[in-house]
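The values are calculated or read from the model by the stated rules, or taken from the named source; none is laboratory data. Since the structure is predicted, the reported quantities are computational estimates derived from the model, not experimental observations. Here the Cβ positions follow ideal geometry from the backbone for every residue, glycine too, while neighbour counts run over all protein chains shown.
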Amino acid sequence: MASYPGTFQHHADTDVPLPVPTRLHGLSPEKLSPPTTRSCSPEAWKPTPPEERPWWKDMVCYQVWPRSFKDSGTTNNKGHGDIRGVIDKLGYIQSLGVDVVWLCPTYKSPQKDYGYDISDYESIDPDFGTMEDMDELIDQVNKRGMRIVLDLVINHTSDEHKWFLESRQSRDNPKADWYIWQDPKKDSKGNTLYHHNGMPQEPTNWRACLIHSSAWTWCEERKQFFLHCFLECQPDLNWENPDCRQAIYESAIEFWMKKGVSGFRVDTANRMSKDMTFKDARVTKTDLPYQDMSEHCLNGERMHEYLQEMRRTAMDKYDRDAILVGELPGTKPEELKKYVLSSRRELSMTFDFDMMELGGNDHPDEVDKHQVKNVGEGHLLPDMKDTISKVQALVTETKGEAWATAFAENHDQLRSIRRWVTDNPPYWNRACKLICIMLTTLSGTLFVFQGQEIGTHNMPEHFGPEQFRDIDAGLWVDRKTEDDPNDPYALQKAIDGVLNVGRDNTRLPMQWDNTLNAGFTSNKQGPWIPCNDDYVQINVAKQMNDNNSPLSFWKTMIKYRKRHNELFVHGKYEVFDRDNEKMFMYSKETWNGFKALVMLNFSTERIPFTIPRKLHRWMTNVDGKVVLQRPPHLLIGNYSKHMREEKALQAWEARVYLF
């Protein structure tokens with residue numbers, strides 16, 4: 001992990017973005033005469049007309065993880081962000097060109113999993129403020145012409161939710177069947193089986209995600225186990241029970257739709273339907289007592305039924321175009337398409353995690369959260385191209401009826417600079433802009449995570465257990481040091497795991513300025529989690545008026561994306577030279593033949609290039625010869641004009657051409 005002592009260099013003479021031009025030299029694609037040749041015909045590729053599209057297709061969404069966004073200093077004295085801090089920064093968010101704010105959980109919660117263990121869907125946790133604060137945030141967002149989307153966590157609740165507290169009391173109370181309960185495992189004669197320590201054996205050998213112990217926890221009151229796909233404090237709701245589903249709809253969805261939210265991001269959106277026969281999972285890890293439960297708890301047979309009912313019952317009466325963004329890990333393309341085809345009225349779009357899993361980096365069902373599956377292998381650029389092409393094909397092949405997202409960061413993942421490009425200081429500025437160009441030119445709805453726009457880094461390499469806050473990080477360090485008591489390097493290995501893939505990497509405080517605590521909080525005890533060391537060099541205030549900064553570049557690219565939305569948001573995608581391990585080159589094309597070429601050099605090498613002949617516009621001259629009709633126009637790049645070469649890309653260089 002890299003840290004950045006001293007002065008951080010910004011190469012102001014090499015990275016000046018080009019000025020924003022009018023749309024395609026002043027004319028919209030619809031008003032320009034079509035080129036003489038097309039690589040696709042209107043019959044083959046013509047997305048839904050603009051007037052028939054739902055509002056969320058052309059939007060840019062900004063994800064706020066409120067605990068680390070901004071502490072207003074008025075809600076608590078704990079040094080973490082709050083709702084009023086979000087209100088205070090709405091002007092900044094809107095200045096980016098953002099249309100939608102995705103607010104991560106602020107519901108009442110014990111905060112064992114930082115809000116994803118909800119104890120009351122209809123209350124605000126005092127750490128974040130009051131319901132009056134939330135009402136004001138919703139109102140202020142809507143008055144600015146933006147929309148707000150909340151997290152919807154309905155696979156499970158907190159074990160402190162009133163529904164669970166009642167359910168666990170007995171086997172015959174009104175909510176006894178609102179969670180998933182099972183008796184201990186029995187032998188062929190019906191006798192209960194026990195572990196060596198005298199505890200009853202779990203109903204199945206299923207392994208919980210992240211913590212990688214049993215997915216079952218014993219409840220003494222009922223003399224039964226309850227299921228939890230994740231932490232013990234997050235019991236899974238029983239979606240088989242219609243009364244339970246109706247209560248979820250009313251409390252978690254309708255309550256907030258009435259308040260004016262425009263939809264939800266659905267947490268772990270493909271786990272609600274389980275294999276209720278409770279068969280043991282296949283043994284794939286012979287050295288472990290509990291096994292991967294994915295085939296029993298992902299994409300169950302009633303998932304599509306539940307999502308269709310949820311939209312029909314709880315959302316359509318308020319807004320038929322309300323957004324549902326689904327988190328769908330472990331889902332194959334054909335199954336993925338079912339979730340997002342507009343005719344099925346389930347999810348609006350999905351976060352596809354194939355790119356996040358490259359190199360075995362994020363397989364929480366299969367390995368520990370802080371363990372890389374394929375140690376040392378990393379990933380190759382062609383593999384990255386494949387994951388992106390898969391998502392782009394979802395849009396192109398259905399002519400936009402199925403929809404996707406473009407994203408590279410969120411509250412559970414790493415910062416994109418180290419993960420996908422480079423955090424080497426001499427290339428940092430260009431790397432930020434390269435990843436920005438890639439994301440803003442891909443089809444689908446664009447999602448930006450707080451701090452991504454200024455090129456925020458992962459945790460510094462000197463962070464350790466004292467600085468970690470994620471419950472999974474603590475469990476990992478404790479377990480790894482206990483497992484290897486004679487290994488003098490066990491602690492450091494465990495720490496390295498968290499630094500490499502831990503969720504705290506993106507949960508460090510937002511870096512607003514170079515004052516104490518990065519301008520995030522005025523709390524005398526400091527922020528709830530330490531700031532990154534580099535906040536003096538990398539912060540919003542420093543980049544705000546710097547035309548060469550990543551922040552300014554993001555604003556420019558978002559403007560381009562909106563001005564050329566038919567091309568970048570809805571355009572047909574085609575990759576070139578798939579096997580090239582250093583260059584990523586792809587085109588975007590409107591249905592009537594206008595094109596863009598995106599070239600990204602994912603290396604420190606100088607790479608010569610040739611623009612694919614099929615992208616040029618050709619015409620027949622008076623002598624009957626086919627000649628170039630119009631040369632491509634360089635829309636933008638991350639190298640200044642005097643630094644660029646005509647037919648070669650330099651280290652981490654990115655360009656976008658229009659044809």
**Prompt:** Somewhere in the stretch 76-97, is a residue surrounded by 20 or more Cβ atoms within 10 Å (Cβ to Cβ) and touching a Cys at 6+ places or on another chain (Cβ under 9 Å)?
**Reply:** no
**Search result, residues across the stretch 596-632 that are surrounded by 11 or more Cβ atoms within 10 Å (Cβ to Cβ), charged (D, E, K, R) and farther than 24 Å from ARG563 by Cβ** = GLU605, ARG606, LYS614
**Asked** Looking at GLY451, is it in contact with a helix residue (DSSP H, G or I) (Cβ under 6 Å, 6 or more places away or on another chain) and within 16 Å of ARG415 (Cβ to Cβ)?
**Response** no
**Request:** Return yes when VAL540 is of a type outside the set (S, T, N, Q), free of Cβ contacts under 8 Å to residues at least 24 places away in the same chain, touching a Gly at 6+ places or on another chain (Cβ under 9 Å) and surrounded by fewer than 24 Cβ atoms within 10 Å (Cβ to Cβ) and no when it is not.
**Result:** no
**Test set (1) touching a Cys at 6+ places or on another chain (Cβ under 9 Å); (2) among the charged types (D, E, K, R); (3) closer than 17 Å to ASP352 by Cβ - GLU397 fails condition number** = (1)
**Message:** Whether any residue in the stretch 308-320 is in a helix (DSSP H, G or I) and among the small types (Gly, Ala, Ser) is what I want to check.
**Reply:** yes
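One line per residue, one yes/no per condition, for (1) in the same structural domain as ASP423 (by TED's automatic domain parsing); (2) within 20 Å of ILE388 (Cβ to Cβ); (3) out of contact with any Pro (no Cβ under 7 Å at 6 or more places or on another chain); (4) at pLDDT 95 or above:
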| residue | (1), (2), (3), (4) |
| --- | --- |
| ILE607 | no, yes, yes, yes |
| LYS625 | no, no, yes, no |
| ALA648 | no, no, no, yes |
| TYR657 | no, yes, no, yes |
**Asked** Take the residues of the stretch 565-591 that are of a type in the set (Val, Ile, Thr) and out of contact with any Lys or Arg (no Cβ under 6 Å at 6 or more places or on another chain): which is surrounded by the most Cβ atoms within 10 Å (Cβ to Cβ)?
**Response** VAL569
**Prompt:** Failed condition for ARG344, given (1) more than 14 Å from VAL266 (Cβ to Cβ); (2) at pLDDT below 95, with all others met?
**Reply:** (2)
**Request:** Give the residue that is surrounded by the most Cβ atoms within 10 Å (Cβ to Cβ), with candidates limited to residues of the stretch 332-357 that are among the charged types (D, E, K, R) and within 25 Å of TRP420 (Cβ to Cβ).
**Result:** ASP352
**Matching residues in the stretch 295-331 - criterion: being modelled with pLDDT under 95 and among the small types (Gly, Ala, Ser)** = GLY330
**Message:** Can you report the number of residues in the stretch 515-558 which are at positive phi and not polar (S, T, N, Q)?
**Reply:** 3
**Asked** Any residue at all in the stretch 563-571 that is farther than 28 Å from GLU461 by Cβ and of a type in the set (S, T, N, Q)?
**Response** yes
**Asked** Looking at this structure, is MET510 buried (at least 18 other Cβ atoms within 10 Å of the Cβ), touching a Gly at 6+ places or on another chain (Cβ under 6 Å) and either without any contact (Cβ under 8 Å) to a residue 24 or more places away in the chain or not in a helix (DSSP H, G or I) (or both)?
**Response** yes
